[in-house]
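Each value in this text was obtained by applying a stated rule to the coordinates, not by laboratory testing. Quick caveat, the model's predicted, so the values are computed rather than measured. Note that we place each Cβ from the backbone using ideal geometry, even for glycine, and neighbour counts take in every protein chain shown.
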Amino acid sequence: MPEAIYLIAAALLSLVGMSWLALSMDVHWAQVKQIPLADSRPPRATLKALGYAALFVSLLVCLVADRPSIAALVWIMLLVGSAVAVAFALANRPGLLKVIWP
């Protein structure tokens, strides 16, 4: 049971990290905030630092949940799944990412 909780936490951290990394780009920031691209100035350094930190903590949580060989595989799969989920969210409902950065 604790492994499942760790893996859910790792998945959420991976999703949030990928979302923060996507929001650090001008195009995605403007798309989510619904402002013209010329006026978009995301807090790039903060979003990138938070995104990388969330992905690193996700790796650590995966390592706590499983042996290193399985944890690395699970973490890579979580990264891919999170990237796809964020891409679909940006394509269909970019307003969903407003929750992650108010």
Mind checking which residues of the stretch 46-70 are without any contact (Cβ under 8 Å) to a residue 12 or more places away in the chain and more than 21 Å from A83 (Cβ to Cβ)?
R67, P68, S69
Looking for something out of contact with any Pro (no Cβ under 8 Å at 6 or more places or on another chain), surrounded by 13 or more Cβ atoms within 10 Å (Cβ to Cβ) and among the hydroxyl-bearing types (S, T, Y) - is there at least one such residue anywhere in the stretch 57-67?
yes
Cβ contacts < 9 Å: first residue touching a residue at least 12 places away in the same chain (Cβ under 8 Å), restricted to the stretch 1-23; second residue buried (at least 20 other Cβ atoms within 10 Å of the Cβ) and among the aromatic types (F, W, Y), any location; separation 6+ or different chain. Result?
A10/W75; S14/W75; A22/W29; L23/W29
Enumerate the pairs (first residue in the stretch 72-95 and closer than 16 Å to L55 by Cβ; second residue anywhere and charged (D, E, K, R) and not in a helix (DSSP H, G or I)) with beta-carbon separation below 7 Å, excluding pairs fewer than 6 apart on the same chain, so at least 6 apart or on different chains.
V74/D66
Let me spell it out: the conditions are (1) part of a helix (DSSP H, G or I); (2) surrounded by fewer than 17 Cβ atoms within 10 Å (Cβ to Cβ); (3) among the hydrophobic types (A, V, I, L, M, F, W, C), and V16 meets all of them except one. Which number is the exception?
(2)
Of the criteria (1) within 18 Å of L12 (Cα to Cα); (2) without any contact (Cβ under 8 Å) to a residue 12 or more places away in the chain; (3) surrounded by 14 or more Cβ atoms within 10 Å (Cβ to Cβ); (4) not charged (D, E, K, R), which one A30 fails
(1)
With criteria (1) of a type in the set (K, R); (2) in contact (Cβ under 8 Å) with a residue 60 or more places away in the chain; (3) outside any helix (DSSP H, G or I), R41 comes up short on (2)
Any residue in the stretch 39-51 that is within 30 Å of I70 (Cβ to Cβ), hydrophobic (A, V, I, L, M, F, W, C) and surrounded by 13 or more Cβ atoms within 10 Å (Cβ to Cβ)?
yes
